[in-house]
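We did not get these values from a lab; they are worked out from the coordinates using the rules stated. From a predicted model like this one, the values you see are computed outputs, not experimental measurements. Heads up, the Cβs are rebuilt from the backbone with ideal geometry, glycines too, and the neighbour counts pull from every protein chain shown.
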C-alpha cells in the first residue's frame, strides 16, 4: 500500500498538476485567504480547519457562513475546493489544499446529477490512508456503509438502503399483505431488495415474487408477465430501478393499462427525476426539504464543533500546526485520526437544523425525515411523513420492533390512486364469481328459512324448486355452520368472490340410471359399445353439468367419485365404529388352570405317578439298586472291593420315587432319594426334559392369559349376521 501511494505521489506531482485549470487554482487561493485573515486574538484558542470538497461556488459560500458561529473555546475555519469529475484531479486538489491548510476533517459533497461520480471514493481512499474523518452531505450510495472499504466516512444523509423501511411501514399502514418486488441486477438495487425481504420475513407482508431484471430485459414483457400471472394475487408492486429505465418502465405500465386496482411504489431516485412518464397515483418517499445543502453544512459544522470540544484538553501535539495532517508526500497517517472518528460516532447533536444527529456503528445517520409523495396532476404532492430509525439490527424481528416505534403520518384521504380513483385499491387480484353448491347436513351446514341473514355468521343460500307450481322459482334460506366458516376463510385467502346455493334435489350425488335420456345420444353410445345410461345426480351432477364450480360439504370420497371430480384434502376423517357393551372380567382364583385343558391336567397327574412307580421298580429290581461296592477291611490291598447290600434307608422307596418325580416337575431340587440304577437314572433324565417343556409352555400361556384377558365381543364386525 505504501509503495503504491508513493508511486501515485510521483505520478501526480510531476504529471497531473499541470492539468489543473486556472479556475480551480483561483478557488483554492481565494478560500485560503479566509484563513490568513484570522484575528490575532483568536489564535490563543484551539483552531479546527474544515477542508470542504464541494460541488460548486454556492456551496463554498455557504460553508464559511456556517463556520462563523463557533464555540467560545474553539475557533472553526474552512478551506474549500471544487470537485472535479476526474478523480485524480480531485485527489490532487485535496492534497494541495490539505497540505496548506492543516485541516483535521473533510466535508465532502458530490457532483450534482452524476450517477457515476467517483470523487467521494477517491476522497475516501485518501482519508482512509491518512485516518481523516470525512463527513458527506450528499452521497447516499449503499456501498459507502461498508466499513471494510470506507472506514472513516460519516453521512448526514441516509443511504438509499433505508427507503425499504419506509416502504414496509407504508404497506403495513395501508394493511396490504401481498407485494411483488421488481429490482435490477446492480448491487445498489439488490441491497435494497434484500433489506425489504429481511423486514418482510415472518411478518404479515408476503413477498409473492422478487423479480430481478438485467439491462437486456424487455421491460414491457416483464410488466405484462407479472401483472397477468395467475398464481400471483398481489396488486401492490414495488419498483427499484435505474434512472435510465424509469421512463420505459412507467410507460409500459400505462401502455398495458395496468393502473386500475394496482398500487405502484417507486424508489426515491426514480421519483425525483421529474420524468414525464410519472403518472398520477404513484407513491414513493424522498428526503424532507429541510435536508438542503445549506442546512446540512450548518449541521456538519455543529457536529464538528461538538466533537472537537472533547479534545480541548488533549496534548499540544494534537493541535500543532507545524505538521499537516494531510501530507501526501508522507505515508504516515494521523495518529489521532481513529480517536477523532470514534468521537464523531459517539457525538449526538439534539435539535439540529435537520433534526437530531446520531450515527450507528456504520457511520450512517440513525434518524432521518422522509416525505411520502403521491403524484397528482403530474406533480409530486406530499401526503405524509416518515421519520426513520436505522439503529443496527441483525434479525428481522428486531428490525421490525425498531421500525414500529418510528413516526409515520399518512393522510390516506389525500392520496389519489391510479386512474384518478379516491378509493383505496384492494391490493389483491379478485377472481371471477365462483358458484358454490352445498347441502344441509348438521353440524356442518345448518339452514334456516328467510333471507334476513346475519352478515357476520350467515350466508344467503337459495334452493331451486323442482316443482315450479308457484311463482317463486327459489326457496330462500340462510346457511351457517362449520363449512360456511371454512368457505369464508377460503374466500379471504384466495381473494375469491362466490355465490352459494343449496342443491335442488337434496342429494350428495350417486351414479344411477336415469329414466329419460336423449334417444340420439343413446343410439350413438350404443354404437360405440358403451353403456352410459348412468348419470350423476345431486351436488356432483350440478358440478359436472357446470351448474356449480365448487362443492363444499361433508362429501365422502369414494372410487366412483374420484374418477369424475377432484377432491381437496379432507377436513375431517371419519370411519365406521361399532360400540358394544363391555362385559366384566371373569378372572377367578382358578384362572391359573386356564393355560391347560382339564384332560391335560389329568394326564400330567397320571404321568407323575406312573413315572414314580416305574422308577421304583427299575431301581428295586436292578442289582445296582440293591448292592454297592465297599473296600475290604482285612485286606492290605486298598483296591480290593466287595459287594454289600444297601441298607433300607439308602434304597429308593416308592414314597421317595414319588417325591423325586414331583420335585423334578416343580423344579424344587432333590437332595436325597435319587435313583441308583443306570436304567432308572435314564428314565429320570427323560422325565426332567418333559417337565422342562411342560413348565415353559404353562408359564408362557399363563402370561398371555393374564395380560390379554379381554372379554369376547358379542359381534365380530360389520358383516356379522348377529
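Using C-alpha pairs below 8 Å separated by at least 6 residues, the relative contact order for the stretch 148-304 is 23 percent. Residues 227, 354, 499, ranked from the fewest to the most other C-beta atoms within 10 Å, line up as 499, 227, 354.
In a fully extended conformation the segment linking residue 204 and residue 346 would gain 47.6 nm over its present Cα-Cα distance, using 0.36 nm per residue. Here the extension length gained between residue 121 and residue 564 equals 152.7 nm, from 0.36 nm per residue of separation less the Cα-Cα distance. In this calculation the C-beta distance from residue 257 to residue 394 is compared with R0 = 35 Å, giving a FRET efficiency of 0.20. Neighbour counting of Cβ atoms within 10 Å sorts the residues 619, 564, fewest neighbours leading, into 564, 619. Note on residue 706/residue 557: beta-carbon distance plugged into 1/(1 + (r/R0)^6) with R0 of 51 Å gives a FRET efficiency of 0.75. Full extension of the chain between residue 573 and residue 279 yields a length gain of 100.4 nm, computed as 0.36 nm times the residue separation minus the alpha carbon distance. Each of 141, 257 was scored by other Cβ atoms within 10 Å of its Cβ. Listed from fewest to most, they are 257, 141. Measuring r between the beta carbons of residue 464 and residue 488 and using R0 = 30 Å, the FRET efficiency lands at 0.85.
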